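Notes follow the structure.
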């Protein structure tokens, strides 16, 4: 079962908050901060692109019919 992008974003936020208190060496904590930050950026960017795509699809007007029904 896969998590949604929103759920993944929430989980990454929680992990980012907890990383400084993990007791890991500072170099590893820095690496995790970069990985979590890049992941948050990528998910946020994909959500924004999807939102822009759906907004563009909603504002596109349908083409007028080429033929008229005799009814």
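In table form, for the structure just shown:
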item	result
Additional length obtainable on full extension of the chain from residue 34 to residue 54, 0.36 nm per residue less Cα span	4.2 nm
Additional length obtainable on full extension of the chain from residue 43 to residue 7, 0.36 nm per residue less Cα span	11.9 nm
Estimated [θ] at 222 nm from DSSP helical runs (n ≥ 4, -39500 (n - 2.57)) normalised by residues in the chain, nearest 500	-24000 deg cm²/dmol
Degrees between helix 26-59 axis and first principal axis of the chain (Cα, 0 to 90, nearest 10)	10
Crossing angle, helix 5-18 versus the chain [Cα axis fit, 0-90 degrees, rounded to tens]	20
Kirkwood Rh (inverse of mean 1/r, distinct Cα pairs), the chain, angstrom	15.6
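Rule-based calculations on the coordinates, nothing more; no lab input. No experiment lies behind these values; they were computed from the predicted model shown.
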